[in-house]
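What follows is calculated from the coordinates using simple rules that are stated; it is not laboratory data. Predicted model, so just to flag it, every value in this text is computed and none were measured. FYI the Cβ positions are ideal-geometry reconstructions off the backbone, even for glycines, and counts take in every protein chain you see.
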Amino acid sequence: MDFLYNTNAQFFIAAYLIGGIPFGLLLAKKYAGVNIKTAGSGSIGATNVLRVVKETNPSLAKKLGIATLALDAIKGVLVLAVAYFAGLSEATMWGISVLAVIGHCFSPYLNFEGGKGVATGMGVMMFMLPLETIIALGVWAFGAKFIRISSLSSLTALVALMVASFIIHPDMAHAPVIIIGFILFYKHIPNIIRLLKGEEKRVV
């Protein structure tokens, strides 16, 4: 257990445990009295919070959706910010980024189930690759406004971020970006199948 005294290991564990906090589930239960794990798509993210709560309280749904999106993004950034001011290496910070996303997608508090990881992924990417993330958010905003299919907008933005990272930072080690991208695509497999079948629901 000596590794627990290692600073990097402590930050990795913190990233996973904090990343795993299911804010969408907690907020929806507390303020709307609904369990989003058993409603809608079953995801713990902002889109499902909005979709499920909107059925009974549209005004509250928007507030909880925004709060979920913000908290899911911030929880990864929080650990990264502390690591940055602690002077940890860039490699360690990328490890923190990956583990925060893994924590959200495979939460230790939900029997290793979780959300799609988009907000948490965008949060850590904004810290590590701000320019690429701004480009991705622009792509996402365009998709959200005109396509109005949450999963397609998110996946398109993810592709844009990954492509931009290779163009803007061709010499960096892209493994963490690829790992995070793979996790997000993996979590979206059901959505991708529905997209191919034309069954994916639009956000209204």
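For helix 58-85, report the angle its Cα long axis makes with the longest principal axis of the Cα atoms of the chain; keep it between 0 and 90° and round to the nearest 10°.
It is inclined by approximately 0 degrees.
Give me the one-decimal nm value for the distance between modelled label points at residue 173 and residue 146, 7 Å along each residue's Cα-to-Cβ direction.
Taking the simple label geometry, residue 173 and residue 146 are separated by 3.9 nm.
Could you work out the pair-distance distribution P(r) of the chain from its alpha-carbon pairs, with 5 angstrom bin width and percents rounded to whole numbers?
P(r) over the chain, rounded to whole percents: 1, 8, 15, 20, 20, 16, 10, 5, 3, 1, 0.
Please build a GNM for the chain, connecting alpha carbons under 10 Å apart, and tell me which residue among 113, 132, 90 fluctuates the most.
90
Using Cα pairs closer than 8 Å and at least 6 residues apart in sequence, work out the relative contact order for the stretch 2-197, in percent.
The normalised contact order for the stretch 2-197 reaches 20 percent.
Based only on other Cβ atoms within 10 Å, what is the fewest-to-most ordering of 82, 49?
With the sparsest Cβ surroundings first, the list reads 82, 49.
Take 109, 16 and order them by how many other Cβ atoms sit within 10 Å, fewest up front.
Taking fewest neighbouring Cβ atoms as first place, the list is 109, 16.
Using a Förster distance of 30 angstrom, determine the FRET efficiency expected from the C-beta separation of residue 56 and residue 185, and round it to 0.05.
FRET efficiency, residue 56 to residue 185: 0.40.
How far, in degrees from 0 to 90, does helix 130-146 lean away from the longest principal axis of the Cα atoms of the chain, to the nearest 10?
With rounding to tens, the tilt is 10 degrees.
Given +1 on the Cβ of Lys and Arg, -1 on the Cβ of Asp and Glu, and no further charges, what dipole in debye does the stretch 2-197 carry about its Cα centre, rounded to the nearest 20?
Once rounded to the nearest 20, the dipole reads 1020 debye.
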